[in-house]
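Written below as structure tokens is the structure these notes are about.
None of the figures in this text is laboratory data; all of them are computed from the coordinates on show. Since this is a predicted model, take the numbers as computed values, not measurements. Cβ sites come from the backbone with ideal geometry, for glycine too, and all protein chains shown count toward neighbours.
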Amino acid sequence: MCFSGSKIIVDIYGIKLFYCNNFLRGQISMIDSKTRLSELFKMDKKAVEIFKEFGMHCPKCKGVAQDTVEKAAVNNGINLKKILDKLNSK
């Protein structure tokens, strides 16, 4: 996570990117239910592994460009809170 005084420099599809060390490593500051999978997978390579842990193979899906974390969880019968907790705890 970024420190409280960090500055938002980009807001892409509700994903706020901050100028801080996490931004330089290509990490998203906070993942929520409306985060688009295409942006998530581009910015956070660990997210792909987390989705695989849940038995989800979303990076290979045709809908990855439009789908959100919430839609993917619902479509795969995964508890949304659990996957968001895991994504944000890494």
Can you list residues from other chains, or at least 5 along the same chain, whose modelled amide H is less than 5 Å from the amide H of residue 68? 37
Using a 7 Å offset from the Cα along the Cα-to-Cβ direction at both residue 85 and residue 70, what is the distance between the two label points in nm, to one decimal? 2.0 nm
Rounded to whole Hz and in sequence order, give me ³J(HN,Hα) for segment 74-84 from the Karplus expression 6.51 cos²θ - 1.76 cosθ + 1.60, θ = phi - 60°, writing x for Gly and Pro. 4, 5, 9, x, 9, 5, 4, 4, 5, 6, 5
